[in-house]
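Laboratory data are not the source of any read-out in this text; all were calculated from the coordinates shown. Small disclaimer: the values here were computed from a predicted structure and weren't measured. Positions of Cβ are generated from backbone atoms using ideal geometry, with glycine treated the same way; all protein chains shown enter the neighbour counts.
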Amino acid sequence: MGKLFASCVLLLWILNVGDIVKGNDPNSCNFQAIYNFGDSNSDTGGISAVYNPIPSPNGQTFFGKPAGRVSDGRLVIDFIAENLGLPYLHPYLDSLATNFRHGANFATGGSSIRPPTETIFESGHSPFPLAVQLWQFDQFKARSTDLYKQGAKNPSENAYLPNPDEFSNAIYTFDIGQNDLSHVIGKVPDDQAQAIIPDMIQQYSAAIQKMYQQGARTFWIHNLGPLGCLPVTRLSVSGGSQALDQYGCVKSHNDIVSQFNQQLKNLMYQLRGQLKDAALVYVDIYSAKYQLISDAKNQGFDADPFKICCGVHDQNNHVMCGKTQNINGKDVYGSACENPSMYISWDGVHFSEKANQWVANRVISGKLSDPPISLSQACHGHA
């Protein structure tokens with residue numbers, strides 16, 4: 001009898017855990033869609049659809065082929081979708097085999113908060129800054145709603161379209177701003193780099209309010225990761241160990257990023273007072289990434305958190321992942337390491353899949369968020 005009782009208890013526990021994973025617990029927001037805005041940290045194929053596809057060996061670990069992501073596998077946004085029980089996001093800019101039933105991804109590699117200038121275009125930034133991504137969403141929402149209404153009598157026609165009634169209870173994720181700062185930090189005096197932050201914040205504020213006017217109510221806002229910890233950043237900085245903190249990151253770069261993050265956090269507090277029925281969750285990606293870099297070995301990675309898996313990078317040469325470059329008369333290919341799961345950095349700027357998963361696990365729990373609320377319960381984040 002005791003064994004039978006124990007078995008029943010175990011079965012009930014398993015069923016309850018299953019409900020929680022599926023988002024069926026009473027506190028779950030049961031999001032039916034994700035709409036994402038950002039840069040290469042969350043681009044699932046937008047820039048590949050517009051320009052040349054991201055080459056192999058990107059995607060090799062999880063997808064077995066290039067999948068529009070700058071990593072060997074999944075990104076944080078992919079793990080967010082998995083956690084909510086939703087499909088991976090298709091990029092809005094991809095015209096082939098797209099399914100927008102459960103959301104869309106407007107992020108593109110190289111995108112910035114501020115509109116790009118000709119100089120930024122020359123440096124490889126995207127022509128799809130945040131304002132353009134919002135215009136794209138406006139058109140997406142209007143056209144998909146119209147098409148959905150046209151197909152109301154034939155449900156099969158709407159199988160790949162969002163339900164217009166679900167825009168208001170979707171989750172709207174933002175991960176953008178890295179390119180604004182990386183374009184100026186280390187290239188101009190620090191005070192000039194800091195001077196662009198207020199404009200970044202003002203445009204971020206306008207973007208959130210615009211999305212609120214479009215019916216968005218739940219916002220999941222990532223701050224910026226520690227740019228001073230990017231391996232390619234460290235290679236380009238002079239000053240030796242004096243320029244680095246105790247974990248080997250460039251102090252001055254991270255100080256500027258921290259200023260932006262603090263102002264972004266202050267903006268969340270301000271907007272909560274203005275948008276009374278909106279849930280704005282500030283997600284501390286910076287702390288998650290910095291924790292990983294400072295404790296790489298204990299977290300299952302190589303002891304050197306600045307080793308780069310894919311590409312050839314040193315003080316004199318940079319061969320990008322999957323690219324070939326002629327160096328001293330010899331073609332050099334940017335190949336991948338044998339075991340990406342041991343590396344935090346995939347290509348010197350972006351994280352490996354394993355590192356992305358580590359970061360995602362920390363932020364999805366809500367322990368690094370303000371208010372401290374989990375992803376599945378983000379719609380309750382009004383505090």
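Annotations
- GNM flexibility winner over the chain from GLN263, GLN214, GLN242 (Cα, springs under 10 Å): GLN242
- LYS251/GLN315 FRET efficiency (R0 22 Å; Cβ-Cβ; nearest 0.05): 0.65
- Working from Cα pairs under 8 Å separated by at least six residues, relative contact order for segment 204-357 is 23 percent.
- Among beta bridges from DSSP that stay inside the chain, the antiparallel ones total about 35%.
- Note on LYS276 and THR324: the extension gain reaches 12.0 nm, defined as 0.36 nm multiplied by sequence separation minus the Cα-Cα distance.
- When each of THR218, THR145 is scored by the number of other beta-carbon atoms lying within 10 Å, the sequence from fewest to most is THR145, THR218.
- Helix-only mean residue ellipticity at 222 nm for the chain, each DSSP H run of n ≥ 4 adding -39500 (n - 2.57), per residue, nearest 500: -11000 deg cm²/dmol
- Take every pair of alpha-carbon atoms less than 8 Å apart whose residues are at least six positions apart; their mean separation over the length of segment 82-230 yields a relative contact order of 24 percent.
- Using only Cα coordinates, the Kirkwood hydrodynamic radius of segment 140-236 works out to 16.7 Å.
- Loop-resident trypsin sites (Lys or Arg not before Pro) (DSSP state other than H, G, I, E or B) in segment 147-213 with no more than 10 further Cβ atoms inside 10 Å of their Cβ: LYS153.
- The chain: most fluctuating residue of PRO26, PRO372, PRO57 per GNM, C-alpha cutoff 10 Å: PRO26
- Among CYS229, CYS321, CYS337, the largest mean-square fluctuation in a Gaussian network model of the chain (Cα springs under 10 Å) belongs to CYS337.
- Most to least packed among 281-289, 201-209 [average Cβ atoms within 10 Å]: 281-289, 201-209
- Relative contact order (%) - criterion: Cα under 8 Å, at least six apart; region: the chain: 17 percent
- Kyte-Doolittle at least 0.5, axis length at least 27 Å by Cα - qualifying DSSP helices, the chain: 2-21
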